[in-house]
Amino acid sequence: MTVVAEIFIRYVTTNGLEKTARFNSDETGFNLDLRNIAQVDLLPLIWCENIETLCIRNNSLTEIDLSPLEKCGKKLKAVRLGHNRLQEIDLEPLSACPNLEEVSLLENRLKRVDLSPLFHCPKLRELKIDDDVGLTADLLLRSVGSWPEVLIEQYHRILWKTDTTD
């Protein structure tokens, strides 16, 4: 028997107000769109094994820690972080999400994104990222045969690097 617990996602608005969003741990969609979020703590998501979509669009995030998705992301299909103020993002936790189909990072302030973790997401169909964002990936991945189609489409944009340190 699965126990359904409530989880609380805490966040801080651009006005400095601390707020909480309440969800059930068995929910499949977590929507934090349009909440004026400047900072968010996603750690409670580790208890949400059914999560399929995470939407934190149209906020003011400058950074986000996706590491809780490593623990709960087996069913995760979509991460939508468009229209924020993200300047950098570590996609490494998404490599533990085998069913990931969509990553949206449109309309942020990203300069460069390392796509290497997404090579471990065979079902990835959509990668939404602004044209002026530099894309990098680990050179060793270039010789791996089975890539998600969406990464093949971005091949000409990827700067292949020989080590993972920038």
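Here, each number is a calculation from the coordinates, and none is a lab measurement. Note that the structure is predicted; figures quoted are calculated from it, not measured. In this analysis, Cβ positions are derived from the backbone assuming ideal geometry, glycine residues included, and neighbour counts consider all displayed protein chains.
Placing unit charges on each Cβ (+1 for Lys and Arg, -1 for Asp and Glu) gives segment 1-55 a dipole about its Cα centre, and among Leu45, Ser25, Tyr11 the Cα reaching farthest toward its positive end belongs to Tyr11. Exposure proxy for Cys72, Cys48: other Cβ atoms within 10 Å of each Cβ, ordered fewest to most, give Cys72, Cys48. Across segment 96-165, C-alpha contacts under 8 Å between residues 6 or more apart give a mean separation that, scaled by the residue count, equals a relative contact order of 33 percent. Simple point charges give the picture: +1 on the Cβ of Lys and Arg, -1 on the Cβ of Asp and Glu, and for the chain a dipole about the Cα centre of about 200 debye. For the chain, the share of DSSP beta bridges that are antiparallel, to the nearest 5, is 35%. As a proxy for reagent exposure, His156, His120 were ordered by neighbouring Cβ count within 10 angstrom, fewest first; the result is His156, His120.
If you take the square roots of the eigenvalues of the alpha-carbon gyration tensor of segment 119-166 and sort them as a ≥ b ≥ c, do you get rounded (a/c under 1.5), prolate (a/b over b/c) or oblate? Oblate is the answer for segment 119-166, as a/c is 1.5 or above yet b/c matches or exceeds a/b.
Taking other residues whose beta carbon is less than 15 angstrom from the beta carbon of Gly16, and scoring Lys, Arg as +1 and Asp, Glu as -1, yields +2. For the chain, the relative contact order is 14 percent, taking Cα pairs closer than 8 Å that sit 6 or more residues apart in sequence and dividing their mean separation by the residue count. The value of relative contact order for segment 1-72, using C-alpha pairs under 8 Å at least six residues apart, is 31 percent. Per-residue Karplus couplings for segment 22-30, computed as 6.51 cos²θ - 1.76 cosθ + 1.60 with θ equal to phi - 60°, are listed in order as 9, 9, 8, 5, 9, 5, 9, x, 10 Hz, Gly and Pro entered as x. Taking the chain as a Gaussian network of alpha-carbon nodes connected by springs under 10 Å, the highest mean-square fluctuation of the residues Leu140, Leu118, Leu32 belongs to Leu140. Classify segment 16-60 as rounded, prolate or oblate, taking a ≥ b ≥ c as the square roots of the eigenvalues of its Cα gyration tensor: rounded when a/c is under 1.5, otherwise prolate if a/b is larger than b/c and oblate if not. It is prolate, given that a/c is not under 1.5 and a/b is the larger ratio.
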